1. Quick one: would you say residue 178 is assigned to a loop (DSSP other than H, G, I, E, B) and modelled with pLDDT of 95 or more?
2. Can you report the number of residues in the stretch 1-42 which are of a type in the set (A, V, I, L, M) and modelled with pLDDT of 90 or more?
3. Would you mind stating whether residue 120 is free of Cβ contacts under 8 Å to residues at least 24 places away in the same chain, closer than 30 Å to residue 206 by Cα and either open to solvent by less than 50 Å² (accessible area, probe 1.4 Å) or of a type outside the set (Asp, Glu) (or both)?
4. Do we find that residue 142 is surrounded by 13 or more Cβ atoms within 10 Å (Cβ to Cβ) and under 23 Å from residue 109 (Cα atoms) in this structure?
5. Is there any pair linking a residue in the stretch 64-84 that is surrounded by fewer than 20 Cβ atoms within 10 Å (Cβ to Cβ) and basic (Lys, Arg) to one that is at pLDDT 95 or above and not in a strand (DSSP E or B), with Cβ under 9 Å and at least six apart or on different chains, and which?
6. Restricting to the stretch 166-211, name every residue that is among the aromatic types (Phe, Trp, Tyr) and surrounded by 15 or more Cβ atoms within 10 Å (Cβ to Cβ).
7. I need the full set of residues from the stretch 43-55 which are open to solvent by 30 Å² or more (accessible area, probe 1.4 Å) and over 11 Å from residue 96 (Cα atoms), in order please.
8. Given the criteria in contact (Cβ under 8 Å) with a residue 24 or more places away in the chain, surrounded by 17 or more Cβ atoms within 10 Å (Cβ to Cβ), under 28 Å from residue 23 (Cα atoms) and acidic (Asp, Glu), does residue 132 qualify?
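The values are calculated or read from the model by the stated rules, or taken from the named source; none is laboratory data. Computed from a predicted model, the values in this text were never measured in an experiment. When we count neighbours, we look across all protein chains shown, and the Cβ atoms used for this are built from the backbone with ideal geometry, even at glycine. Only protein heavy atoms, including side chains, enter the accessible area calculation; ligands, DNA and RNA are left aside. Shrake-Rupley method; radii C 1.70, N 1.55, O 1.52, S 1.80 Å.
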Amino acid sequence: MVTAVPNPEVQQIDSPKTVVLMGVSWQTFMALLAEVGEDRATRFAYDRGVLEIRMPLIQHEIPKGLLESFIEAIADELEIEVMKAGALSLKREDLSRFIEPDSCFYIQNEALVRAKDDINLPADPPPDLAIESDFTSSSLNKFTIYASLGVPELWRYRNQKLEIYQLIEGEYQPSEKSLAFPFLPVAEVAGFIEQSKTLGQRSAVREFKKRIKEILESQN
């Protein structure tokens, strides 16, 4: 049984697919996670007593899926290993923080977690890159959560634009370059996502892969 939250304060934000509860203890949140299990569509974020429960929308999922495919296409061109960890539960009880990214990847640290069935912070490294597809607003400062967990690079897609942030001295700073893939033409990525609406998703990924191949060949 889940321990009831005594008189939780419910905060309304502008998305009908998001619920926010205030004053939720870590123990109650962990009990709720155990009750609902991992086979669910909802995404949770928790920051020191504030719990946000979000149901992903198609407007989130399509850009997120394409960004995943773009990263995998880059890895194929570079002939390197990356591990897509999806909405991996990232939690630190000592910090009372938890988040499930829209997606995340192990790139630089892929070999360290390749054979692991469970990833536990801080004993294991955090993902090298997390993706947030922002179509609706959030009640939580997710940058603060990711920074406290030590995720070195964050991609945020919103308003038909890809924004790159790098963790520098404990805070995220906007960057024109990706830490994992410095050659990535960041300003062009949104165009490939928009192309998918007319060409189709796989065609857009193939076009993106051609562009990456051009860039890499020009550097040789």
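1. Working: assigned to a loop (DSSP other than H, G, I, E, B): yes; modelled with pLDDT of 95 or more: yes.
Yes, satisfied.
2. Number of matching residues: 11.
3. No.
4. The answer is yes for residue 142.
5. Sorted first by the residue in the stretch 64-84, then by its partner, the pairs are 84/68; 84/71; 84/72.
6. Scanning the stretch 166-211 gives 172, 181, 192, 208.
7. 43, 53, 55
8. Working: in contact (Cβ under 8 Å) with a residue 24 or more places away in the chain: yes; surrounded by 17 or more Cβ atoms within 10 Å (Cβ to Cβ): yes; under 28 Å from residue 23 (Cα atoms): yes; acidic (Asp, Glu): yes.
Yes; evaluated as a whole, the condition is true for this residue.
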